[in-house]
1. Among the residues of region 115-125, is there at least one that is exposed (fewer than 13 other Cβ atoms within 10 Å of the Cβ), of a type in the set (A, V, I, L, M), on the phi < 0 side of the Ramachandran plot and in contact with a strand residue (DSSP E or B) (Cβ under 8 Å, 6 or more places away or on another chain)?
2. For residues that are modelled with pLDDT of 90 or more, surrounded by 17 or more Cβ atoms within 10 Å (Cβ to Cβ) and in contact with a strand residue (DSSP E or B) (Cβ under 7 Å, 6 or more places away or on another chain), tally how many sit in region 12-50.
3. Answer yes if at least one residue in region 133-142 is touching a Phe, Trp or Tyr at 6+ places or on another chain (Cβ under 9 Å), of a type in the set (Gly, Ala, Ser) and within 24 Å of residue 2 (Cα to Cα), and no otherwise.
4. Of the residues 3, 56, which single one is touching a residue at least 12 places away in the same chain (Cβ under 8 Å), closer than 17 Å to residue 172 by Cα and touching a helix residue (DSSP H, G or I) at 6+ places or on another chain (Cβ under 9 Å)?
5. Are any residues in region 153-177 of a type in the set (A, V, I, L, M, F, W, C) and free of Cβ contacts under 8 Å to residues at least 12 places away in the same chain, and if so, which ones?
6. Out of curiosity, is residue 135 surrounded by 11 or more Cβ atoms within 10 Å (Cβ to Cβ) and under 19 Å from residue 49 (Cα atoms)?
7. Can you find even one residue in region 106-122 that is at pLDDT 95 or above, among the hydroxyl-bearing types (Ser, Thr, Tyr) and under 18 Å from residue 54 (Cα atoms)?
8. Kindly check whether there is at least one residue in region 79-88 that is assigned to a loop (DSSP other than H, G, I, E, B), out of contact with any helix residue (DSSP H, G or I) (no Cβ under 7 Å at 6 or more places or on another chain), in contact (Cβ under 8 Å) with a residue 12 or more places away in the chain and surrounded by fewer than 22 Cβ atoms within 10 Å (Cβ to Cβ).
Amino acid sequence: MQITGGYLKSRKINSPTGGNVRPTLSQVRESVFSILKSLTDFEGLFFLDAFAGSGIMGFEAISRGFENSVFIEKDKKTFFALKENAEKLSLEPVFYKGDTLKILVLINQQFDVIYIDPPYREGLYEKTLNIIQQKSLLKPDGFIVLEHLKETMINFSEFNILKQKNYGEKSITILRN
């Protein structure tokens, strides 16, 4: 898998093997960062990859000009592959290993962009959004990006939907406070 934009463009990262990781497609990554770029300048911003997997979204963010990324990953094997990818790219992001919902409760930092792409059918979207809201993890002018199945019903009532875009069976939804 390759980074699609920024100063690390075309650099390869390894995707952990197994059924628990679904790397975001390059077309979707390009679209997400294009939409975000039309809304804000990335310089000095902080990105949270809440269910990191391979880390491709957080690495893309850094490559495209974000100050840094924070990665949360629960699976041990995937977590170590994520750290190896960061080393391979000579990056020093912040890593948390463990359950995203538990870690979010402990984090005392605000983010400009929070990317949420949990296992699709585990009911984690609304729980994650609730914690983000309760803990004020999103800066007032920040964005939440969700990757989900088109058919997934998610309650966005606490946020404004800025954009929704479909890619086959997947959707990207961009929210704001």
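The values are calculated or read from the model by the stated rules, or taken from the named source; none is laboratory data. Everything quoted here is computed from the prediction, not taken from an experiment. Please note: Cβ atoms are built from the backbone with ideal geometry, for glycine as well, and neighbour counts cover all protein chains shown.
1. Looking only at region 115-125, we keep the residues that are exposed (fewer than 13 other Cβ atoms within 10 Å of the Cβ), and these are 121-123.
Next, from what is left, pick out any that are of a type in the set (A, V, I, L, M): none.
Within region 115-125 (the criterion being exposed (fewer than 13 other Cβ atoms within 10 Å of the Cβ), of a type in the set (A, V, I, L, M), on the phi < 0 side of the Ramachandran plot and in contact with a strand residue (DSSP E or B) (Cβ under 8 Å, 6 or more places away or on another chain)), the answer is no, since none of the residues qualifies.
2. Summing the residues that are modelled with pLDDT of 90 or more, surrounded by 17 or more Cβ atoms within 10 Å (Cβ to Cβ) and in contact with a strand residue (DSSP E or B) (Cβ under 7 Å, 6 or more places away or on another chain) in region 12-50 gives 8.
3. Pass one, region 133-142, residues touching a Phe, Trp or Tyr at 6+ places or on another chain (Cβ under 9 Å): 133, 137-139, 142.
Subsequent filtering for residues that are of a type in the set (Gly, Ala, Ser) retains 142.
Pick out the ones that are also within 24 Å of residue 2 (Cα to Cα) and you get none.
Within region 133-142, not a single residue is touching a Phe, Trp or Tyr at 6+ places or on another chain (Cβ under 9 Å), of a type in the set (Gly, Ala, Ser) and within 24 Å of residue 2 (Cα to Cα).
4. Numbers: 3 fails: closer than 17 Å to residue 172 by Cα.
Answer to the check: 56.
5. Initially, region 153-177 is screened for residues of a type in the set (A, V, I, L, M, F, W, C), giving 153-154, 156, 159, 161-162, 172, 174-175.
Within region 153-177, 153 is the sole residue that qualifies.
6. Working: surrounded by 11 or more Cβ atoms within 10 Å (Cβ to Cβ): yes; under 19 Å from residue 49 (Cα atoms): yes.
Answer is yes for this residue.
7. Within region 106-122, one or more residues are at pLDDT 95 or above, among the hydroxyl-bearing types (Ser, Thr, Tyr) and under 18 Å from residue 54 (Cα atoms).
8. So in region 79-88, the residues assigned to a loop (DSSP other than H, G, I, E, B) come out as none.
Checked against the condition, which is being assigned to a loop (DSSP other than H, G, I, E, B), out of contact with any helix residue (DSSP H, G or I) (no Cβ under 7 Å at 6 or more places or on another chain), in contact (Cβ under 8 Å) with a residue 12 or more places away in the chain and surrounded by fewer than 22 Cβ atoms within 10 Å (Cβ to Cβ), region 79-88 yields no hits at all.
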